[in-house]
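Notes for the one structure printed next.
We did not get these values from a lab; they are worked out from the coordinates using the rules stated. This structure is a prediction, so every number in the text was calculated from the model and none was measured. As a convention, Cβ positions derive from the backbone with ideal geometry for all residues, glycine included, and neighbour counts pool all protein chains shown.
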Amino acid sequence: MMSARELLGKRILMLRKKRGMTQNDLAFGSGLGREYISTVECGKRNISIDAIEKISSALKLSLKELFDFEEGESTPPVKN
């Protein structure tokens with residue numbers, strides 16, 4: 001099962017490609033580095049709320065839309 005970090009990275013990658021954007025486009029639009037975007041999309045980086053807001057804005061999405069995972073995508077189990 002994918003972690004939340006991996007799931008969000010996969011979602012950002014899918015949304016970026018759906019908009020015809022490169023990692024460089026998203027990096028420029030968000031004010032973040034291309035390598036940062038790459039590691040987020042690969043699920044290798046913990047991402048801050050501030051960075052999530054910047055990426056969401058660059059993708060022209062609300063935070064709700066960014067986290068609105070589609071059918072077939074699943075959220076990681078909640079750990080107690």
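Yes/no per residue for (1) surrounded by 13 or more Cβ atoms within 10 Å (Cβ to Cβ); (2) outside any helix (DSSP H, G or I):
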{"position": "S38", "(1), (2)": "yes, no"}
{"position": "G43", "(1), (2)": "yes, yes"}
{"position": "L61", "(1), (2)": "yes, yes"}
{"position": "E70", "(1), (2)": "no, yes"}
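Do we have I47 as under 12 Å from the mean Cα position of the chain (by Cα), part of a loop (DSSP other than H, G, I, E, B) and aliphatic (A, V, I, L, M) here?
Yes; evaluated as a whole, the condition is true for this residue.
Mind listing whichever residues of segment 3-54 are under 20 Å from E65 (Cβ atoms) and in contact (Cβ under 8 Å) with a residue 60 or more places away in the chain?
A4, L7, K10, R11 - these are the residues of segment 3-54 that are under 20 Å from E65 (Cβ atoms) and in contact (Cβ under 8 Å) with a residue 60 or more places away in the chain.
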